[in-house]
Amino acid sequence: MAQTSAAVAAPATSASQNTLADRRLAKVSARDVNVYYGEKHALKHVDLDIRANEVTALIGPSGCGKSTFLRCINRMNDLIDIARVAGSLTLDGDDIYDRKIDVVQLRARVGMVFQKPNPFPKSIYDNVAYGPRIHGMAKDQTELDEIVMTSLEKAGLLAEVKDRLDEAGTGLSGGQQQRLCIARAIAVSPEVILMDEPCSALDPIATAKVEELIDELRENFTIVIVTHSMQQAARVSQRTAFFHLGELVEVGDTEQIFTNPQHPLTQGYITGRFG
Amino acid sequence: MTEMVEQTSAPAADAVTSRLKRRYAAERRFQFMGMAAIAVALGFLALLLVSIFAKGASAFVQTQVQLEVTFDAGILGVAPGADRDTLASGDYLGLAKAALWSRFPDVSGRAEKRQLAALLSPSAGDALRDMVLSDPNVIGSTRKVWFPVSDSVDMTNKGYLPRDPAVEGARLNAAQMGWLQSLEDGGVLTKRFNWQFVTTGDSRDPTQAGVWGAVVGSFYSVLVTLLLSFPLGVATAVYLEEFAPKNRWTDLIEVNINNLAAVPSIVFGLLGLAVFLAVFGLPRSAPMVGGLVLTLMTLPTIIIAARASLKAVPPSIREAALGMGSSKLQMVTDHVLPLALPGILTGTILGMARALGESAPLLMIGMVAFIVDVPSGPMDPATVLPVQVYLWADSSERAFVEKTSAAIIVLLLFLAVMNLAAILLRKKFERRW
């Protein structure tokens, strides 16, 4: 937690011009974030601001640290014994890695959707109701029913499953499972949703549906999505950050990144010269 | 390039075909060996079961003789209006003998009469005592009653001993064979279900020896084992697998748990003797102590099985739960443990089956004692089924041979019931993915 003041000295990366002057304006703000897996320096001096109600895409070749960065935001890296995070990460100005922050509450504020659809082996209803139940968000059954229905509706799944809410969530198709996971994530009304390659296990039709959904969710949530597909980044995101070998190479409006990249590495990657 | 040319040419194609044939032949050989192995294993199992059932089934029936008994207060030596204790102390065996003598009125002389009376089991009077105690008014009346015969008669009637008195090994003399024949001809000598065997404890007299005391002893021992080792084992496994940091200490603990699983069971028996009996002063021969010793023996098995099935729960489920903001404990109780439960139950039942069949450690804590009474609680002295099998197998009387096999049958049934329960539980908890 080296730097906490709003006006920070310009960091050494080329992305500095894209950080906001006042980091409190950003939903999630990273300053000089470093992640080490044992001896391996996986993420190097990352400065990145994620703006509210936008979709930020993190792109880059495999092993570039984009997933690592994503998992810092809801402290999923805590689960890896050898992982160590240094630097400053804030959510609405609160330090995510502060001792006072309860990681359980943090994860209620920052939801996550994983690469492989991972619904609980329970009913569709129980999958969505799990979060509200453990956080005590519903006073009674009617309220819980409403939360479940609204979440399924928002995830665009209600029409497909409303007659079989008590069937196993694992019995759905891959795309439906992933939308169920999104419904499960939004049921606790998080502020930020992290998506770690949410479409990599889905077919093109299911992918299209999830992408459409991401665009709709932007209205109510701040979304950070890791993707390997540059077309997907171009389709769904407003801002794109390009990572390479643990460093944030370039960040900017998606259109600018794809049409007029500033850094030769970015250009090389998006034109398919490597990655 | 040359290879490609060869592949298309005819001789090379033949080589491919012949190699393919050899591959299929190898596969067929392997399948055949597998089937042969299964057949041999099944054959041995069948041999074992058939021999045990063939030897043991006859212990569940007992040769009995129906006699007309006159409840003579004079022979009994008690008055009809006496209190319970006096009634219970009457000479009921004498009454049974009198009934047999009255069936053969021409038998006279002390020696002959004693030989005739020897046909009856020493416990022949018990049924009469029960009748009088439940209704004292039967004194003075005449009833038809079934009596157990002595073990020699029983064995002869079941065909285990020769019927011809001249043949070596025969236990009945010519006169006794004659009376037996007469009873058989009279239609009052038949084999009936041996209630005594399934309701009473051990006895020196084979006709009175029962397996129920050992069944109850085994039940209490396994119950104590289950109640202690299941929660302890699962809690240990969950802590080590989900919560404990991975460092040198937990490595050391893990190695030691694995080592404990390989310790011979008699060592646990000695430990139980030294700790539970000598230090804590718990009673000897008690299923409670047996259960404690078996818990020590079963714990490593359960811990290892539980850890393996916890490891088999996909990490994605843990991530999903934690990503939703559940605490680690909620993650375990809501998701990981229910998914691991079928595997944990399988491991537990394996451990329980081993505990049920274990005799060596129980010998050390005195469960090998000769105990007649059926235990009424886990602190009463008792024996267990495998030890009962061991005790009976050691007895010299011919009648205990069938009892030994019968006790094994009961032990196998006990195991089958436990396994059935495990399968049902597993079905109940198994979830579809």
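Points to keep in mind about this one:
- Near the amide H of B:Met367, within less than 5 Å, lie the amide hydrogens of B:Ser285, all on another chain or at least 5 residues away, with H placed in the peptide plane.
- Estimated FRET transfer efficiency (A:Gln267, B:Leu329; beta-carbon r; R0 60 Å; 0.05): 0.75
- Neighbouring Cβ atoms from other chains, within 10 Å of the Cβ of residues in B:327-338, number 2 on average.
- Order of B:Lys97, B:Lys55 under a 10 Å beta carbon neighbour criterion, fewest first: B:Lys55, B:Lys97
- Along the axis of the charge dipole computed for region A:14-270 (Cβ charges of +1 for Lys and Arg, -1 for Asp and Glu, origin at the Cα centre), the listed residues A:Phe221, A:Ile147, A:Pro198 are led at the positive end by A:Pro198.
- Evaluated at q = 0.19 Å⁻¹, a Debye calculation over the C-alpha positions of region B:322-403 (equal weights, vacuum) places log10 I(q)/I(0) at -0.90.
- Normalised radius of gyration (Cα atoms, divided by 2.2 N^0.38 Å) for region A:14-270: 1.00.
- Pairwise label distance in nanometres, B:Leu424 with A:Asn220, each label 7 Å out on the Cα-Cβ vector: 4.6 nm
- Surface/4 estimate of mean projected area, convex hull on alpha-carbon atoms of the protein assembly as shown, nm²: 52.5 nm²
- Legend: ranking of residues B:Val234, A:Val104 from fewest to most surrounding C-beta atoms inside 10 Å; resulting order A:Val104, B:Val234.
- Mean sequence separation of contacting Cα pairs (under 8 Å, at least six apart), scaled by the length of region B:264-360, corresponds to a relative contact order of 34 percent.
- Remark: relative contact order (region B:61-193) = 37 percent; criterion is Cα-Cα distance under 8 angstrom and separation of 6 or more residues.
- Charged side chains reduced to their Cβ positions (Lys and Arg at +1, Asp and Glu at -1) give chain A a dipole of some 580 debye around its Cα centre.
- Candidates B:Leu322, B:Leu299, B:Leu227, ranked by Gaussian network fluctuation over chain B, Cα under 10 Å, top entry: B:Leu322
- Residue-averaged [θ]222 nm for chain B, counting only DSSP H segments that reach four residues, each worth -39500 (n - 2.57): -20000 deg cm²/dmol
- Temperature 10 °C, viscosity 1.306 mPa s: under these conditions the Stokes-Einstein estimate for chain B, based on its Kirkwood radius over C-alpha pairs, is 59 µm² per second.
- Close amide-amide hydrogen proximity is noted between B:Val263 and no other residue 5 or more places distant or on a separate chain, at a cut-off under 5 Å (H modeled in the peptide plane; Pro and chain starts excluded).
- Given A:Lys116/B:Lys328; A:Lys40/B:Lys246; A:Lys66/A:Lys122; A:Lys66/B:Lys328; A:Lys100/B:Lys328; A:Lys27/A:Lys116, the pairs whose alpha carbons are separated by over 23 Å: A:Lys66/A:Lys122; A:Lys66/B:Lys328; A:Lys27/A:Lys116
- Packing-based ranking of B:176-182, A:41-47 yields A:41-47, B:176-182, ordered from highest to lowest mean Cβ neighbour count within 10 Å.
- Dipole check for chain B: with +1 at the C-beta of Lys and Arg, -1 at the C-beta of Asp and Glu, and the Cα centre as origin, the magnitude is about 1200 Debye.
- Mean residue ellipticity, 222 nm, helices only, chain A: the sum of -39500 (n - 2.57) across DSSP H runs of n ≥ 4, divided by residue count and rounded to 500, is -9500 deg cm²/dmol.
- Computed over region A:14-270: relative contact order in percent, which uses C-alpha pairs under 8 Å that are six or more apart: 27 percent
- Using θ = phi - 60° in the Karplus curve 6.51 cos²θ - 1.76 cosθ + 1.60, the 3J(HN,Hα) couplings for region A:174-181 round to x, x, 5, 4, 5, 5, 5, 5 Hz; x is entered for Gly and Pro.
- For region A:203-275, the convex hull drawn through the C-alpha positions has a volume of 97 cubic angstrom per residue.
- Efficiency of FRET between A:Glu143 and A:Asp166 - r from beta-carbon atoms, R0 30 angstrom, step 0.05: 0.95
- Residue mean of other protein chain beta carbons inside 10 Å, A:113-121: 5
- Start at zero, step by 10 Å, and the Cα-Cα distances of region B:212-429 spread as 8, 30, 30, 19, 9, 3, 0 percent across the bins.
- Given charges at Cβ of Lys, Arg, Asp, Glu: the protein assembly as shown dipole, positive-most of B:Ile266, B:Ala353, A:Ser123: B:Ile266
- Sorted largest first, the principal axis extents computed over the alpha-carbon atoms of region B:61-193 equal 51, 34, 23 Å.
- For the residues B:Asp205, B:Asp394, B:Asp334, a GNM of chain B with alpha-carbon springs under 10 Å puts the largest fluctuation on B:Asp334.
- Alpha-carbon Debye profile of region B:72-128, log10 I(q)/I(0) at 0.21 Å⁻¹: -0.79
- In sequence order, calculated HN-Hα J values of region A:50-57 (Karplus, 6.51, -1.76, 1.60; Hz; x Gly/Pro): 10, 8, 5, 6, 10, 9, 9, 9
- Listed values for region B:258-273 are Karplus-derived 3J(HN,Hα) couplings in whole Hz (6.51 cos²θ - 1.76 cosθ + 1.60, θ = phi - 60°), namely 4, 5, 4, 5, 9, 6, x, 5, 5, 5, 5, x, 5, 4, x, 4, and x replaces Gly and Pro.
- The GNM of chain B, with springs linking C-alpha atoms under 10 angstrom apart, assigns the highest mean-square fluctuation among B:Ser285, B:Ser203, B:Ser89 to B:Ser89.
- Order of B:Phe370, A:Phe258 under a 10 Å beta carbon neighbour criterion, fewest first: B:Phe370, A:Phe258
- Kirkwood Rh and Cα Rg combined as Rg over Rh, evaluated for region B:304-343: 0.97
- Shielding score for A:68-76, defined as the mean number of other chain Cβ atoms within 10 Å: 1
- Amide H contacts under 5 Å for A:Glu247: A:Lys44, restricted to partners 5 or more places along the chain or on a different chain, H placed in the peptide plane at 1.01 Å from N.
- Electrostatic dipole magnitude of the protein assembly as shown [Cβ: Lys, Arg +1; Asp, Glu -1; Cα centre; debye, to 20]: 1140 debye
Only the coordinates and a few stated rules stand behind these numbers; no lab work does. Small disclaimer: the values here were computed from a predicted structure and weren't measured. We place every Cβ from the backbone using ideal geometry, glycine too, and count neighbours over all the protein chains shown.
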